[in-house]
Amino acid sequence: MVDAHPSHEPVAPALVEVSGLSLPAAITHLPRPDPYLNVEDYEPEADAMALNMGPQHPSTHGVLRLKLFLDGEICFKAVPYVGYLHRGVEKLLENRTAIQSVPYVDKNDYVSPLTGELALVMAYEALLDVEPPPRAQVLRTILMELQRIASHHLWLGTFCLDMGGALGGGSSVFLYNFRERELILDLLEALTGQRMHYNALMVGGNRHDVPPGWEEKVLATMDRVEDRLAEYEAMTVDNHIFRSRTVGVGVLDPLLALEAGAGGANLRASGVDHDLRRDAPYAAYGQVDVRIPVETAGDCYARFLVRIAEMREAIRIVRLLVSGIPEGPIGALKPPRHVNAVKLPPGEVYVGIESPRGELGTYLISDGSPIPVRVKIRPPSLHAVSLLPYLCVGATVSDIVVILGSLDPILGEVDR
Amino acid sequence: MDAPLDRLLARFEERVRVLPALAGQTAVEVAPADLVEVVAFLRDEAGFDVLLDLVGVDRLGHPEAPTPRFEVLYHLKSLAGGARVRVHVPVPDDTLELPSCWRLWHAANWLEREVWDLFGIRFAGHPNLCRILCHHRFEGHALRRDYPIGRRQRLDAPEAFLLTDDPEWA
């Protein structure tokens with residue numbers, strides 16, 4: 001029997017204490033490049049050139065523009081430009097009632113729309129002091145974890161696509177991942193009728209109850225996804241080319257990650273053990289023992305390992321919960337008859353949940369009318385993209401594509 | 001009462017006002033002049049190591065007609081303790097300016113640009129206060145309550161894409 005990870009043996013890394021957190025010493029306090037370097041001051045003899053990457057470029061994972069200043073093939077300054085997908089979602093939500101709002105947030109993080117919905121409806125529920133019934137809470141947790149698996153599948157596929165033909169002929173891993181993501185979308189379609197923009201949650205509960213036989217389909221799909229996950233690992237974990245493209249590339253200092261507000265796998269791959277599902281449980285996460293994978297190398301490979309481990313953990317949580325969905329109603333409020341049915345009390349509330357990309361928050365201000373005064377969405381991807389001026393310096397153009405992919409930003413969420 | 005809040009009140013006394021908050025959340029209000037000192041204390045001595053979000057609020061049209069019109073909120077999170085705190089800062093109506101916190105948190109850099117872009121509130125000491133979400137030729141500030149939701153501006157200047165003639169840099 002060959003060890004599946006012969007090259008990835010857990011070695012306890014040296015730790016350093018910084019403000020109450022134990023961080024891996026090897027990647028903490030790394031030197032930081034100056035994001036405001038004056039290009040004119042860079043070595044005049046160097047063969048410097050500016051390269052525009054994006055906004056329309058397949059490797060930018062959306063509509064992101066990166067202006068790179070290169071010395072040969074090494075980047076010495078990177079400037080990200082966001083905002084190409086700005087649709088004014090917050091302005092729209094300030095003119096919509098609670099019931100009308102949910103479909104708008106679906107389009108923010110379009111790779112995991114359900115997490116956006118949950119962050120919004122949980123904020124309304126906190127404001128109204130409404131607790132969804134246990135059946136809705138467990139169903140929501142299952143949906144979140146199914147969404148996390150689907151989201152990480154799409155990430156893994158595009159990440160390997162970024163590395164080009166080295167991995168089994170270019171788009172193999174990409175298309176294999178879409179195959180498994182389809183299976184999960186089938187489950188979500190059976191429940192909600194939609195494959196992408198679900199509108200599945202509403203204030204006080206869920207919109208759709210489980211169709212007959214859904215639990216068995218979920219369990220069968222989890223078995224299949226878990227089997228296939230082992231195939232992906234065989235294609236990547238010990239693939240020499242994959243490792244040489246990712247190990248030691250884009251090392252993220254945990255202190256910089258914290259300062260920039262990065263979250264999710266990006267933070268946990270740099271040795272920060274933090275996950276809201278365990279540290280501030282919401283929905284039904286308090287009923288399961290969520291194990292949080294943490295890596296300490298901080299590079300693209302560590303982020304990859306964390307996400308793969310998160311997929312296995314999500315499969316485990318779904319299996320635990322799906323066999324014991326409690327009976328009962330799926331909504332705490334009467335089904336709404338018109339858009340103004342939810343009356344908001346005055347107040348201000350913030351709710352944060354763990355999306356596949358980090359802490360996704362919603363801040364809600366109400367003055368007592370059915371339409372909120374202010375809805376602020378805290379997108380984790382914005383903070384991931386803001387790391388690029390630091391991570392890209394010293395990397396080659398081909399590495400920058402990998403670094404960007406490893407951060408897993410969704411530009412629809414960055415720009416809102 | 002939670003410990004970080006007690007320490008904040010012990011340190012700053014009447015310069016920090018505790019606001020009523022829902023759902024067990026903690027909210028305080030400080031004057032613009034005390035902002036940087038208070039958040040630096042929260043970061044360095046109370047363990048609030050993450051600046052989660054920065055929220056601009058426009059109270060125009062509010063029934064109680066509060067002054068000042070704008071307010072900026074700083075959401076802070078402590079990883080070790082799991083605590084959160086919200087720092088409300090009223091923005092002076094005459095200057096519409098607050099001190100920048102970008103030297104404390106790199107996250108404040110883009111978040112302050114966003115508040116400037118959407119509300120027109122300036123942050124003194126920010127290295128590059130320019131629009132981040134809207135087009136650089138956009139006129140007005142879209143999230144102000146007196147900006148009509150239906151107003152359209154046609155902005156498709158091709159020169160924005162030129163590398164040599166770029167008005168903004170992040």
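The values are calculated or read from the model by the stated rules, or taken from the named source; none is laboratory data. Bear in mind that the values here come from a model prediction, so they are computed numbers and not experimental data. Reconstructed Cβ throughout: ideal geometry from the backbone, glycine too, with neighbour counts over all protein chains shown. Note: accessible area is taken over every heavy atom of the protein model, side chains too, but ligands, DNA and RNA are not part of it. Shrake-Rupley method; radii C 1.70, N 1.55, O 1.52, S 1.80 Å.
Structure notes:
To keep it simple, each residue is scored yes or no on (1) facing chain B (nearest Cβ under 10 Å); (2) part of a loop (DSSP other than H, G, I, E, B); (3) of a type in the set (Val, Ile, Thr).
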{"position": "A:349", "(1), (2), (3)": "yes, no, yes"}
{"position": "A:352", "(1), (2), (3)": "yes, no, no"}
{"position": "A:361", "(1), (2), (3)": "yes, no, no"}
{"position": "A:368", "(1), (2), (3)": "yes, yes, no"}
{"position": "A:371", "(1), (2), (3)": "no, yes, yes"}
{"position": "A:382", "(1), (2), (3)": "yes, no, no"}
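- A count restricted to the range A:252-272 and to residues that are free of Cβ contacts under 8 Å to residues at least 40 places away in the same chain and part of a loop (DSSP other than H, G, I, E, B) stands at 1.
- Residues that are in contact with a Leu (Cβ under 8 Å, 6 or more places away or on another chain) and polar (S, T, N, Q) within the range A:105-161 comprise A:115, A:141, A:147, listed in sequence order.
- Criterion applied to B:33, B:21 was being within 13 Å of another protein chain (Cβ to nearest Cβ), of a type in the set (A, V, I, L, M) and farther than 22 Å from residue A:416 by Cα, and the one residue passing it is B:21.
- Residues (among the polar types (S, T, N, Q), touching a residue at least 12 places away in the same chain (Cβ under 8 Å) and over 30 Å from residue A:128 (Cα atoms)) located in the range A:51-103: A:52, A:59, A:60
- Residue count for the range A:100-130, restricted to those that are outside any helix (DSSP H, G or I), within 14 Å of chain B (Cβ to nearest Cβ) and in contact with a helix residue (DSSP H, G or I) (Cβ under 7 Å, 6 or more places away or on another chain): 1.
- Here A:116, A:72, A:88, A:62 are screened, and the one residue that is under 23 Å from the mean Cα position of the chain (by Cα) and under 25 Å from residue A:400 (Cα atoms) is A:62.
- Criterion applied to A:79, A:63, A:89 was being of a type in the set (Val, Ile, Thr), touching a Phe, Trp or Tyr at 6+ places or on another chain (Cβ under 9 Å) and within 30 Å of residue A:338 (Cβ to Cβ), and the one residue passing it is A:89.
- The residue pairs whose first member lies in the range B:141-160 and is away from chain A (no Cβ under 11 Å) and closer than 19 Å to residue B:130 by Cα, whose second member is open to solvent by 80 Å² or more (accessible area, probe 1.4 Å) and at pLDDT 80 or above, and whose beta carbons are closer than 8 Å, counting only pairs six or more residues apart or on different chains, are B:153/B:139.
- Considering residues of the range A:179-235 that are more than 19 Å from residue A:323 (Cα to Cα), aliphatic (A, V, I, L, M) and in contact with an Asp or Glu (Cβ under 7 Å, 6 or more places away or on another chain) only, the residue surrounded by the fewest Cβ atoms within 10 Å (Cβ to Cβ): A:200
- Picking from residues in the range A:352-381 that are without any contact (Cβ under 8 Å) to a residue 60 or more places away in the chain and among the charged types (D, E, K, R), the one that is surrounded by the most Cβ atoms within 10 Å (Cβ to Cβ) is A:378.
- Within the range B:77-87, restricting attention to residues that are more than 9 Å from chain A (Cβ to nearest Cβ) and at pLDDT below 90, the residue that is surrounded by the most Cβ atoms within 10 Å (Cβ to Cβ) is B:85.
- Qualifying residue in the range A:79-99 (condition: away from chain B (no Cβ under 14 Å) and exposed (fewer than 15 other Cβ atoms within 10 Å of the Cβ)): no
Conditions (1) touching a Gly at 6+ places or on another chain (Cβ under 9 Å); (2) at pLDDT 85 or above; (3) over 16 Å from residue A:245 (Cα atoms); (4) polar (S, T, N, Q), marked per residue:
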| site | (1), (2), (3), (4) |
| --- | --- |
| A:152 | no, yes, yes, no |
| A:162 | yes, no, no, no |
| A:167 | no, no, no, no |
| A:178 | yes, yes, yes, no |
| A:185 | no, yes, yes, no |
| A:192 | no, yes, yes, yes |
| A:196 | no, yes, yes, no |
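- Residue match in the range A:227-234 (condition: of a type in the set (Ser, Thr, Tyr), out of contact with any strand residue (DSSP E or B) (no Cβ under 7 Å at 6 or more places or on another chain) and outside any loop (DSSP other than H, G, I, E, B)): yes
- Checking residue B:133 against (1) modelled with pLDDT under 85; (2) under 30 Å from residue A:253 (Cα atoms), the condition it does not meet: (1)
For (1) buried (at least 17 other Cβ atoms within 10 Å of the Cβ); (2) modelled with pLDDT under 90; (3) out of contact with any Phe, Trp or Tyr (no Cβ under 9 Å at 6 or more places or on another chain); (4) closer than 16 Å to residue A:23 by Cα, each residue gets a yes or a no:
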residue	(1), (2), (3), (4)
A:263	yes, yes, yes, yes
A:269	yes, no, no, yes
A:296	yes, yes, yes, yes
A:310	yes, no, yes, no
A:313	yes, no, yes, no
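- Scan of the range A:391-406 for residues that are of a type in the set (A, V, I, L, M, F, W, C), closer than 12 Å to residue A:249 by Cβ and assigned to a helix (DSSP H, G or I), ordered by number: A:391, A:400, A:401, A:402, A:403, A:404
- Residues of the range B:11-37 satisfying the condition of being closer than 11 Å to residue B:88 by Cα and at pLDDT 85 or above: B:27, B:28, B:29, B:30, B:31, B:32, B:35
For (1) in contact (Cβ under 8 Å) with a residue 12 or more places away in the chain; (2) within 9 Å of another protein chain (Cβ to nearest Cβ); (3) open to solvent by less than 10 Å² (accessible area, probe 1.4 Å); (4) in a loop (DSSP other than H, G, I, E, B), each residue gets a yes or a no:
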site: B:53; (1), (2), (3), (4): yes, yes, yes, no
site: B:68; (1), (2), (3), (4): yes, no, no, yes
site: B:89; (1), (2), (3), (4): yes, no, yes, no
site: B:94; (1), (2), (3), (4): no, no, no, yes
site: B:105; (1), (2), (3), (4): yes, yes, yes, yes
site: B:111; (1), (2), (3), (4): yes, yes, yes, no
site: B:126; (1), (2), (3), (4): yes, no, no, yes
site: B:131; (1), (2), (3), (4): yes, yes, no, yes
site: B:139; (1), (2), (3), (4): yes, no, no, yes
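- Some residue of the range A:304-322 being more than 14 Å from chain B (Cβ to nearest Cβ), of a type outside the set (A, V, I, L, M) and part of a loop (DSSP other than H, G, I, E, B): no
- Picking from residues in the range A:273-294 that are in a helix (DSSP H, G or I) and open to solvent by less than 10 Å² (accessible area, probe 1.4 Å), the one that is nearest to the other protein chains (Cβ to nearest Cβ) is A:276.
- Scan of the range B:1-58 for residues that are at positive phi and among the charged types (D, E, K, R), ordered by number: B:13
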